[in-house]
Amino acid sequence: MTVARGAPEGAGRRVGVVVARFHEHVTAKLLEGALGGLRARGVADDAIDIAWVPGAFEIPLVVRRLASTGDYDALICLGAVVRGETAHFDLVAGEAARGIADVSRSTGIPVAFEVLATESLADAEARAGSPHGNRGWDAAEAALEMADLLDRLPGGNRREQREGSTR
């Protein structure tokens, strides 16, 4: 029996983060959490790229562009969609989730999904830095763990492949 499990190790990793500006007081806290998580696991500041987009709906396009460069070991998507009185919430949250998942599956690059879809702004704020934690930090850990796991599985080490292609 073979068991593979990744560890959230960041040394030598390159990570891209896409953050939605809509509900920026929430998403900025998610970003702070993600950066804290990446730094705590050894990712250097100069190995982190951040792209701000207008809202959650725009995240998949930008994360696909970053993934297509082949420069990243992992990507993190951060946003907040709060339910309102219309179907807009369902459309935006659903399309963001579908688009982000499609990028990960089609490129083979781990993409951590932390686009909050909450019933209220208070729920979103609680997930972006409360005594219970920060989902941005959790996204950073998940992204690094998945990058490490994929390196351990058959099919190669992304970091070695990336470094080999620049030599």
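The values are calculated or read from the model by the stated rules, or taken from the named source; none is laboratory data. Since this is a predicted model, take the numbers as computed values, not measurements. Cβ: placed from backbone, ideal geometry, glycine included. Neighbour counts: every protein chain shown.
List the residue pairs whose Cβ atoms are under 9 Å apart, where the first residue sits in region 141-161 and is surrounded by 19 or more Cβ atoms within 10 Å (Cβ to Cβ), the second is among the aromatic types (Phe, Trp, Tyr) and at pLDDT 95 or above, and the two are 6 or more positions apart or on different chains.
Here the result reads Ala142/Phe113; Ala147/Tyr72; Arg158/Tyr72, each pair linking region 141-161 to a residue that is among the aromatic types (Phe, Trp, Tyr) and at pLDDT 95 or above.
Quick check on this structure: which one of Ala101, Ala124 is of a type outside the set (Val, Ile, Thr), within 23 Å of Arg14 (Cα to Cα) and part of a helix (DSSP H, G or I)?
After ruling out the rest, the residue left standing is Ala101.
Would you say Val115 is at pLDDT 95 or above, out of contact with any Pro (no Cβ under 7 Å at 6 or more places or on another chain) and in a strand (DSSP E or B)?
Against the criterion (at pLDDT 95 or above, out of contact with any Pro (no Cβ under 7 Å at 6 or more places or on another chain) and in a strand (DSSP E or B)), Val115 qualifies.
Inspect region 25-36 for any residue being among the acidic types (Asp, Glu) and outside any helix (DSSP H, G or I) and give the result as yes or no.
No: region 25-36 contains no residue that is among the acidic types (Asp, Glu) and outside any helix (DSSP H, G or I).
Hey, does region 19-33 have a residue that's closer than 18 Å to Ala67 by Cα, of a type outside the set (Gly, Ala, Ser) and at pLDDT 95 or above?
Yes.
Filter region 96-140 for residues that are crowded, with 21+ Cβ neighbours inside 10 Å and either among the basic types (Lys, Arg) or in contact with a His (Cβ under 6 Å, 6 or more places away or on another chain) (or both) and give the result.
Hits for region 96-140 are Arg127, Arg135.
Select from region 43-94 the residues that are surrounded by 12 or more Cβ atoms within 10 Å (Cβ to Cβ), in a helix (DSSP H, G or I), at pLDDT 95 or above and of a type in the set (Asp, Glu) and list them in ascending order.
The one that is surrounded by 12 or more Cβ atoms within 10 Å (Cβ to Cβ), in a helix (DSSP H, G or I), at pLDDT 95 or above and of a type in the set (Asp, Glu): Glu58.
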